[in-house]
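Heads up, the thing below is written out as structure tokens.
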Amino acid sequence: MVKAFGRWTLFCLCCAPPALLASSPPSVLLAQGGAPSARASGPGKQQFIIRLRPAKTEGEATEKERAFITKHFEYLQKLLAENKLLLAGLALDDYAGIVVIQTESQQEAELLMVSDPAVKARVFLAELHPFRVALMAGSE
């Protein structure tokens, strides 16, 4: 069943990610507006996937929601400039988003996820999963 999400794509335009292989089974951390956990991961760069989906399942985004989606896109651009964002994309059939980030710890990744303006405003629901890029075009 295909659900209509209105104009979500108008404000979150990204390229779809290539097929990538995940590491060990994911530990899902739902963004429920709380603070990140105190558990920090080991040293070095770690990769994570943030899965985003619209909080409401039908209808068009309101003007207020569109403003938060614009802030979300600006937030992703900031992460890209800080070399924390590896890629971001949008599924065109259900408007779920995938954001791949690289951080020093899981705690930092959780903080980046819950700091997204659209997640804070509950326009998007978010999940965090540990991830490891196995193959990527343009990398050696």
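Derivation of every value follows stated rules applied to the coordinates shown; laboratory data play no part. Computed from a predicted model, the values in this text were never measured in an experiment. Every residue, glycine among them, receives a Cβ derived from its backbone with ideal geometry; neighbour counts consider all protein chains shown.
What is the fewest-to-most order of S105, S139 by other Cβ atoms lying within 10 Å of their Cβ?
Exposure proxy ranking, most exposed first: S139, S105.
Run the numbers for D94 and T70: contour at 0.36 nm per residue of separation, minus the present Cα-Cα distance, in nm.
Values: separation 24, 0.36 × 24 = 8.64 nm, distance 1.89 nm.
Net length gain for the segment: 6.8 nm.
Beyond 23 Å between alpha-carbons counts as too far, so tell me which of K56/K84; K56/K120; K45/K71; K78/K120; K64/K84 fall in that bin. It would help to have the intermediate numbers written out before the result.
Numbers: K56/K84 28 Å; K56/K120 15 Å; K45/K71 26 Å; K78/K120 17 Å; K64/K84 27 Å.
As for pairs spanning more than 23 Å Cα to Cα, those are K56/K84; K45/K71; K64/K84.
First measure r as the distance between the Cβ atoms of E58 and A81, then evaluate 1/(1 + (r/R0)^6) with R0 = 25 Å and state the FRET efficiency to the nearest 0.05.
Numbers: r = 34 Å, r/R0 = 1.38.
The calculated FRET efficiency here is 0.15.
Counting other Cβ atoms within 10 Å, keep those with at most 14, restrict to DSSP loop, and tell me which GluC sites (Glu not before Pro) in region 49-92 are left.
Numbers: sites: E58, E60, E63, E65, E74, E82; in loops: E58, E60, E82.
In loop regions of region 49-92 (DSSP not H, G, I, E or B), the sparsely surrounded GluC sites (Glu not before Pro) are E58, E60, E82.
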